[in-house]
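Worksheet: one structure, shown below.
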Amino acid sequence: MDYLKDPDEIYRASFAAIRDLVPLDGVPESLRPLVVRLVHACGRVEIASSLRWAGDPAGAAHKALVAGAPILVDANMVGAGIIRAALPAENQILCTIADERAFAAAKLQATTRSSAAVDLWMPSLGGAVVAIGNAPTALFRLLELLQLPETPKPAAILAFPVGFIGAAESKDALIASGIDVPFITLAGREGGSALAAAAVNAVTKGAG
């Protein structure tokens, strides 16, 4: 069979094809590599028109990572997809979903473990990069916490919860929240750990 085998050429051709197919004129320069990476991660150029953002999430996340900020993720799958060797400061990837305190709090509060796990981010939340790729309740809980004046603000939120219950609504809540934190999200039900990890991988190199 005749097919392209050179990995560098496959990579170059893939991203060139995406740039040809996705209209980027209305996308800020600093955000374009992130949009291209997200399309590449799912193979769907259609998602580009459903992306929503505020501020400069790519620039803010990159600056935070260079400064050594941790990456807070809602699922181990998100962390597994992050290219650790590309992180600019050997940044910590923190996932608290399996923490025994999250189990106990979820039972006590009659909520999801994903929601309870977000409360455990508080000591590390200030200036961190948040990447959510699974649980709508994690994003809902983060937004609840950010309404409190004592909650430290993350540097950026990369929000891609997925599913049929609460996913679209949680992202709509983020879009309407007016929080003073740069973010990018994908409106609707689509999302997933691969997109959240791809977003982190895109911002590790900054704009370009």
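The values are calculated or read from the model by the stated rules, or taken from the named source; none is laboratory data. Quantities reported herein were computed from a predicted structural model and do not represent experimental measurements. Cβ placement follows ideal geometry from the backbone for every residue including glycine, while neighbour counts extend to all protein chains displayed.
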Have a look at Ala104, Ala86, Ala128, Ala75 and point out the one that is more than 18 Å from the chain's Cα centre (by Cα) and either of a type outside the set (Val, Ile, Thr) or surrounded by 14 or more Cβ atoms within 10 Å (Cβ to Cβ) (or both).
Ala104
Quick one: which residue in Thr112, Thr96 is under 18 Å from Pro154 (Cα atoms), over 15 Å from the mean Cα position of the chain (by Cα) and among the polar types (S, T, N, Q)?
Thr96
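Per-residue answers, yes or no, for (1) touching a Pro at 6+ places or on another chain (Cβ under 7 Å); (2) at pLDDT below 95; (3) closer than 15 Å to Lys171 by Cβ:
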site: Ala98; (1), (2), (3): no, no, no
site: Thr111; (1), (2), (3): no, no, no
site: Asp119; (1), (2), (3): no, no, no
site: Ser124; (1), (2), (3): yes, no, no
site: Val130; (1), (2), (3): yes, no, yes
site: Pro136; (1), (2), (3): yes, no, yes
site: Phe140; (1), (2), (3): no, no, yes
Hey, can you tell me all the residues within the range 46-98 that are out of contact with any Gly (no Cβ under 8 Å at 6 or more places or on another chain), hydrophobic (A, V, I, L, M, F, W, C) and under 17 Å from Ile184 (Cβ atoms)?
Ile47, Ala48, Leu51, Trp53, Ala54, Ala60, Ala61, Leu65, Leu72, Ile82
For the range 111-119, check the following and say yes or no: at least one residue is within 23 Å of Leu31 (Cα to Cα), in contact with a strand residue (DSSP E or B) (Cβ under 9 Å, 6 or more places away or on another chain) and part of a helix (DSSP H, G or I).
no
Taking into account only those residues within the range 133-166 that are in contact with a helix residue (DSSP H, G or I) (Cβ under 6 Å, 6 or more places away or on another chain), surrounded by fewer than 24 Cβ atoms within 10 Å (Cβ to Cβ) and among the hydrophobic types (A, V, I, L, M, F, W, C), which is farthest from Ile97 (Cα to Cα)?
Ala155
Out of the residues in the range 165-208 meeting the condition of being β-branched (Val, Ile, Thr) and in a helix (DSSP H, G or I), tell me which one is nearest to Pro149 (Cα to Cα).
Ile175
